[in-house]
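The structure under discussion appears below in the form of structure tokens.
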């Protein structure tokens, strides 16, 4: 959450049209990657969970989801099979929350890093344009100091 707050602070500070567009694109990319991660993990878990149900209803086979063995449960009886199936369905869905959270955190770091790099690239282009226009030294020094602070933010 501190990283997302940092992005919102940067978005509020950067009111220049190009910089604001970079920050908006960064937040849009973050949420797009969140949707992809959640959809991918959900589809994988659904396929993992629904194949044994399909195999039972269409082929009549009691196919275990995983090789997890439960004591006092015989996979040959229907009641024990369903108890094992519920436990085998619940464990991946429970674990998927941790995997989604970890993946989303990683994607957030990557997207924020990319957005900060784009901001620095934009500032370096402006700084280069200042040199070609021969702006005064104090203005160039202030812009260069801001670029260095952004690089420190990126390193942090």
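What's the center-to-center distance, using Cα atoms, between the stretch 136-156 and the stretch 86-123 in Å?
What the calculation gives is 30 Å, centre to centre.
Hey, how much of the P(r) for the stretch 2-112 falls beyond 23 Å, as a percent of Cα pairs?
Of all Cα-Cα distances in the stretch 2-112, 50 percent exceed 23 Å.
In the stretch 113-127, which residues have a backbone nitrogen under 17 Å from the label point lying 7 Å from residue 145's Cα in the Cα-to-Cβ direction?
Residues 127 fall inside that zone.
What angle, in degrees between 0 and 90 and rounded to the nearest 10, separates the Cα long axis of helix 17-54 from the longest principal axis of the Cα atoms of the chain?
10 degrees
A short reminder: the numbers here are calculations on the coordinates, not readings from a lab. Predicted model, so just to flag it, every value in this text is computed and none were measured. Note: ideal-geometry Cβ built from the backbone for every residue, glycine included; neighbour counts use all protein chains shown.
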